[in-house]
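The values are calculated or read from the model by the stated rules, or taken from the named source; none is laboratory data. Keep in mind it's a predicted model, so treat the numbers as computed, not measured. When we count neighbours, we look across all protein chains shown, and the Cβ atoms used for this are built from the backbone with ideal geometry, even at glycine. Just the protein is used for accessible areas: all its heavy atoms, side chains included, with ligands, DNA and RNA removed. Shrake-Rupley method; radii C 1.70, N 1.55, O 1.52, S 1.80 Å.
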Amino acid sequence: MNKTQLIEYIAEHASLSKVTASRALEAAMDAVCSTLREGGRVSLVGFGTFSVTRRAARMGRNPRTNAAIKIKAARVPRFRPGKALKDSLNK
């Protein structure tokens, strides 16, 4: 499912126009992104938790030249699925 299909699904199941569903999805994604950018976490009970973790700097290899390269430390998003989501996948 891509973003357009998700907007169509939301519009159909929530009895909204596609424009309204698109705005709602954009607002939700903006809220998650801004919260993570500030170092917070977003918990949607039953669905899962979005958080940010730090990945340490490390050495890697360029697969084309096999030369060693230094990979910078980074903040990366993480998603941990909730129990209800896991249970719905394993019925």
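Observations
- Scanning the range 7-52 for residues that are surrounded by 15 or more Cβ atoms within 10 Å (Cβ to Cβ), of a type in the set (A, V, I, L, M, F, W, C) and in a helix (DSSP H, G or I) returns I7, I10, A11, A21, A24, L25, V32, L36.
- Residue match in the range 59-80 (condition: part of a loop (DSSP other than H, G, I, E, B), touching a Gly at 6+ places or on another chain (Cβ under 7 Å) and either open to solvent by 100 Å² or more (accessible area, probe 1.4 Å) or not hydrophobic (A, V, I, L, M, F, W, C) (or both)): no
- Of the criteria (1) at negative phi; (2) at pLDDT 95 or above, which one G48 fails: (1)
- Taking the criterion of being surrounded by fewer than 10 Cβ atoms within 10 Å (Cβ to Cβ) and in a loop (DSSP other than H, G, I, E, B), the residues of the range 81-91 that qualify are N90, K91.
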